[in-house]
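Chemist: Sending over a structure as structure tokens; questions will come in a sec.
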Amino acid sequence: MKKTLRIGNVNLKSNLLFAPIAGFSDVGLRHLCAEYGAGLTFTELVSAKGIVYNNKGTAELLATLDSPCAVQLFGHEPEFMYKAAKDERLANFDVFDINAGCPVKKVFGNGDGSALMMNPALLGEIVQAVREGSKKPVTVKMRAGVTEGNPLAVECAVSAEKYGAAAVTVHPRYRSQFYSGTADHSITKAVKQAVSIPVIANGDIVSVSDLERVERETGADGFMIGRGALGRPYVFAQLRGENYVYDKAAAATEHIAILRKYMPDRVVANVMKLQLCHYAKGEDYAKAVRVKAGEAKCLDDIMRIVGDFFKS
């Protein structure tokens with residue numbers, strides 16, 4: 001499936017997007033996904049207050065190599081979201097995404113992430129604040145709702161559109177489900193029918209048949225791939241029906257080389273521990289890689305794992 005997508009004034013060559021995933025959507029994996037055909041990639045969630053107060057580690061989260069790329073902000077105070085969106089370090093991003101879906105307790109408990117769905121009007125104010133601060137297209141990534149059986153996505157999407165959102169992404173699981181169960185894309189369809197801006201479907205898309213099913217069920221304009229791309233950046237070429245060559249050793253090596261441009265080696269080593277486990281998933285050496293990654297102390301250990309297991 002080869003289709004394009006327009007978000008505000010940003011034209012995407014593909015309507016397949018790589019999701020913001022905490023701990024995984026680093027600059028290296030985003031680049032690999034873009035190489036294989038992702039039309040837009042997202043940073044992992046970045047705290048608006050962290051940007052405003054220049055918290056340690058924020059620069060690494062904001063590292064970007066490819067365009068178009070979106071930065072995902074989280075927070076619940078419009079003034080901080082506005083200040084963060086104005087920050088010059090975010091000037092290279094093409095799209096600003098608001099996290100209204102994170103289910104993690106410490107995020108939700110602060111009123112951020114999926115907690116925003118309980119107050120659609122506030123979500124709308126945040127959209128407006130980020131628009132005014134960034135002068136870029138603003139999108140919102142949301143869930144079905146907070147408590148299972150009480151969908152809030154339509155109301156939140158309508159509010160987001162009213163206040164100027166250029167697109168919304170729907171991951172139709174409830175906050176109470178975290179990542180269990182199956183995505184209920186009838187909710188995505190309801191959002192699509194309720195708004196005129198592009199709707200991006202996210203959840204349980206890991207194969208061509210999944211993509212075709214979700215497109216048929218929702219009529220969505222774009223499709224976001226998350227966990228299905230971990231260790232498998234080639235999935236974007238696969239979903240687009242393109243021929244591709246994939247070499248795990250080369251991909252992991254390139255991933256590491258990109259990270260080293262933006263992060264100290266000790267940080268790269270920590271980031272790659274989990275990434276290598278996903279690269280190895282499904283292989284007969286997967287368990288051995290998990291053990292070795294857990295024992296790794298430095299980047300040399302990580303490179304040794306790549307050399308020993310990911311044969312070209």
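The values are calculated or read from the model by the stated rules, or taken from the named source; none is laboratory data. Note that the coordinates shown come from a computational prediction; the quantities given were computed from them, not determined experimentally. In this analysis, Cβ positions are derived from the backbone assuming ideal geometry, glycine residues included, and neighbour counts consider all displayed protein chains. Only protein heavy atoms, including side chains, enter the accessible area calculation; ligands, DNA and RNA are left aside. Shrake-Rupley method; radii C 1.70, N 1.55, O 1.52, S 1.80 Å.
Chemist: Taking interchain pairs and intrachain pairs at least six residues apart, which have beta carbon atoms under 8 angstrom, with the first residue in the range 141-166 and touching a residue at least 24 places away in the same chain (Cβ under 8 Å) and open to solvent by less than 10 Å² (accessible area, probe 1.4 Å) and the second basic (Lys, Arg) and not in a loop (DSSP other than H, G, I, E, B)?
Modeler: Once the first residue is touching a residue at least 24 places away in the same chain (Cβ under 8 Å) and open to solvent by less than 10 Å² (accessible area, probe 1.4 Å) and sits in the range 141-166, its partners that are basic (Lys, Arg) and not in a loop (DSSP other than H, G, I, E, B) give Arg143/Arg173; Arg143/Arg175; Ala144/Arg173; Gly145/Arg175; Ala153/Arg143.
Chemist: Among the residues in the range 301-311, are any open to solvent by 50 Å² or more (accessible area, probe 1.4 Å), at pLDDT below 95, over 18 Å from Ala63 (Cα atoms) and in a loop (DSSP other than H, G, I, E, B)?
Modeler: Yes, there is a match, as at least one residue in the range 301-311 is open to solvent by 50 Å² or more (accessible area, probe 1.4 Å), at pLDDT below 95, over 18 Å from Ala63 (Cα atoms) and in a loop (DSSP other than H, G, I, E, B).
Chemist: Applying the selection to the range 220-272, what residues are more than 24 Å from Lys141 (Cβ to Cβ) and charged (D, E, K, R)?
Modeler: Residues satisfying the conditions are Glu242, Asp247, Lys248, Glu254, Arg260, Lys261, Asp265, Arg266.
Chemist: Which one of Lys135, Lys141, Lys105 is touching a Gly at 6+ places or on another chain (Cβ under 6 Å), over 14 Å from Ala48 (Cα atoms) and not aliphatic (A, V, I, L, M)?
Modeler: Being touching a Gly at 6+ places or on another chain (Cβ under 6 Å), over 14 Å from Ala48 (Cα atoms) and not aliphatic (A, V, I, L, M) holds for just one of Lys135, Lys141, Lys105, which is Lys141.
Chemist: What is the one condition in (1) buried (at least 19 other Cβ atoms within 10 Å of the Cβ); (2) without any contact (Cβ under 8 Å) to a residue 12 or more places away in the chain that Gly181 does not satisfy?
Modeler: (1)
Chemist: Right, next: So, of the residues in the range 206-218 that are surrounded by 16 or more Cβ atoms within 10 Å (Cβ to Cβ) and aliphatic (A, V, I, L, M), which turns out to be nearest to Val195 (Cα to Cα)?
Modeler: Top of the filtered list is Val214.
Chemist: Continuing with this model, one more query. Could you list, in sequence order, the residues of the range 219-258 that are buried (at least 24 other Cβ atoms within 10 Å of the Cβ), of a type in the set (Phe, Trp, Tyr) and over 14 Å from Ala34 (Cβ atoms)?
Modeler: The one that is buried (at least 24 other Cβ atoms within 10 Å of the Cβ), of a type in the set (Phe, Trp, Tyr) and over 14 Å from Ala34 (Cβ atoms): Phe223.
Chemist: Something else now. Among the residues of the range 29-79, which ones are of a type in the set (A, V, I, L, M, F, W, C), in a loop (DSSP other than H, G, I, E, B) and in contact with a Leu (Cβ under 8 Å, 6 or more places away or on another chain)?
Modeler: Ala38, Leu45, Leu62
Chemist: Continuing with this model, one more query. Of all the residues that make up the range 78-92, how many are buried (at least 20 other Cβ atoms within 10 Å of the Cβ) and of a type in the set (Gly, Ala, Ser)?
Modeler: Qualifying residue count, the range 78-92: 2.
Chemist: Right, Arg6: more than 24 Å from Asn110 (Cα to Cα), assigned to a helix (DSSP H, G or I) and either open to solvent by 10 Å² or more (accessible area, probe 1.4 Å) or free of Cβ contacts under 8 Å to residues at least 60 places away in the same chain (or both) or not?
Modeler: When the stated conditions are applied, Arg6 does not pass them.
Chemist: Which ones in the range 9-60 are more than 13 Å from Arg232 (Cα to Cα), open to solvent by 10 Å² or more (accessible area, probe 1.4 Å), of a type in the set (Gly, Ala, Ser) and touching a helix residue (DSSP H, G or I) at 6+ places or on another chain (Cβ under 7 Å)?
Modeler: Selection gives Gly23 alone.
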